[in-house]
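Take a look at the structure set out below.
Values in this text are rule-based calculations from the coordinates and carry no lab data. In this text the structure is predicted, and so the values were computed from the model without any measurement. Because the Cβ atoms are built from the backbone with ideal geometry, glycine has one as well, and the counts that use them run over all protein chains shown.
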Amino acid sequence: MSFVKYEPMGDIAYLTIDRPSALNALNAQVLSDLSDALDGIDLNTVRCVIVRGAGEKSFVAGADIAQMKDLNAAEGESFGKKGNDVMLKLEKLPIPTIAAVGGYALGGGCELAMACDIRICSDTAVFGQPEVGLGITPGFGGTQRLARLVGAGMAKQMIYTARNIKAEEACRIGLVNAVYPLEELYAAAEKMARQIAANAPIAVRASKKAINEGLQVDIDSAVAIEEGCFGSCFGTADQREGMTAFLEKRKHEPFTNC
Ligand code: DAK
């Protein structure tokens, strides 16, 4: 039985972390299941993935504290690498990802959300990096992605104080893009995913690659990456149809991913 459910729905899909008895905490098995689920996504059909947690209370309440408690330094490093490998696989998934955070996103849960392209949340959501209160550092990319998303000063404040923040504050500091009543969250995520899926898939993927890879390098190298991604869209059927439709003042045919 897998702790991660993959549910394709046409050109969008859900990945659901499904361990509600532990508020979807990430143990080694959940991480392996998530890695396998990511490998199993049909990238020819699915154009956007929504990541969520099972149940109404929690997205993911962190890495599994019970499983981490007795690790030695080498085992801790190895667990951190396992988590980081999965977060990187998610971040580098060629198609866009939306984290729909309904409830707790603490520690590894906040880190999972940050490995997605876009974050939206419920009004019940709680975010935080409580690790220093447990005697460890954030270990699944939190020190790096939080600082890149909300700035070094705010990331340091959140990590050093281990203070949890509620949905509205997460939105104000740019950790999430929008807040919805819990009962509207997944409909909102699906609406956004379908909006993304309706656009030219090759161009959407190239945009993701340009943003992600460009953020890792200096601006001269970054615009060169953009030029390559921009160029790669030309000559595609979708580019020709998109531009022809505009010039002919008609709605474009559905994009074909070619
Ligand atoms: N791990 C394991 N079990 C967890 C868990 C977690 N993170 N969070 C919740 N649970 C379990 C609880 O133990 C409880 O299990 P039972 O007692 O029913 O068997 C069940 O989920 C329900 O939780 P509560 O009874 O506590 O529910 P409440 O509503 O009262 O409280 C809560 C909800 C989210 C406020 C509370 O559960 C909580 O504070 N949870 C822990 C949150 C947390 O501290 N998360 C961060 C974990 S640390 C690294 C690698 C990775 C990491 C760091 C370093 N390297 C290798 C360097 C990552 C670290 C983390 O993520």
(request) Scan the range 115-130 for residues that are touching a residue at least 60 places away in the same chain (Cβ under 8 Å) and either closer than 18 Å to Leu38 by Cβ or near the ligand (Cβ under 8 Å from one of its atoms) (or both) and report the count. (result) 4
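To keep it simple, each residue is scored yes or no on (1) touching a Pro at 6+ places or on another chain (Cβ under 8 Å); (2) surrounded by 15 or more Cβ atoms within 10 Å (Cβ to Cβ); (3) polar (S, T, N, Q).
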| position | (1), (2), (3) |
| --- | --- |
| Glu111 | yes, yes, no |
| Gly133 | no, no, no |
| Thr137 | no, no, yes |
| Gly151 | no, no, no |
| Gln157 | no, no, yes |
| Arg163 | no, no, no |
| Tyr186 | no, yes, no |
| Pro201 | no, yes, no |
(request) All but one of (1) crowded, with 23+ Cβ neighbours inside 10 Å; (2) under 24 Å from Ala178 (Cα atoms) hold for Ala63, so report the exception by its number. (result) (2)
(message) I want to confirm something. Restricting to the range 131-144 and keeping residues that are part of a loop (DSSP other than H, G, I, E, B) and within 20 Å of the chain's Cα centre (by Cα), which single residue is nearest to the ligand (Cβ to nearest atom)?
(response) Gly139
(request) Check whether at least one residue in the range 156-172 is within 16 Å of the ligand (Cβ to nearest atom), on the phi > 0 side of the Ramachandran plot and out of contact with any Cys (no Cβ under 8 Å at 6 or more places or on another chain), and report yes or no. (result) yes
(message) Just to be sure before I move on: is Lys191 more than 16 Å from the ligand (Cβ to nearest atom) and either more than 28 Å from Asp18 (Cβ to Cβ) or touching a residue at least 24 places away in the same chain (Cβ under 8 Å) (or both) in the structure I sent?
(response) no
(request) Name every residue in the range 20-60 that is acidic (Asp, Glu) and buried (at least 20 other Cβ atoms within 10 Å of the Cβ), in order of residue number. (result) Asp33
(message) Please list, ordered by residue number, the strands (runs of 3 or more DSSP E) wholly in the range 1-111 having 2 or more residues that are within 14 Å of the ligand (Cβ to nearest atom).
(response) 58-60, 104-106
(request) Output the number of residues of the range 113-147 satisfying the condition of being aliphatic (A, V, I, L, M) and either in contact with a His (Cβ under 8 Å, 6 or more places away or on another chain) or more than 17 Å from Ile98 (Cβ to Cβ) (or both). (result) 6
(message) Just the residues that are farther than 14 Å from Met114 by Cβ, free of Cβ contacts under 8 Å to residues at least 60 places away in the same chain and not hydroxyl-bearing (Ser, Thr, Tyr), please, taken from the range 135-157.
(response) Gly135, Ala152, Gly153, Lys156, Gln157
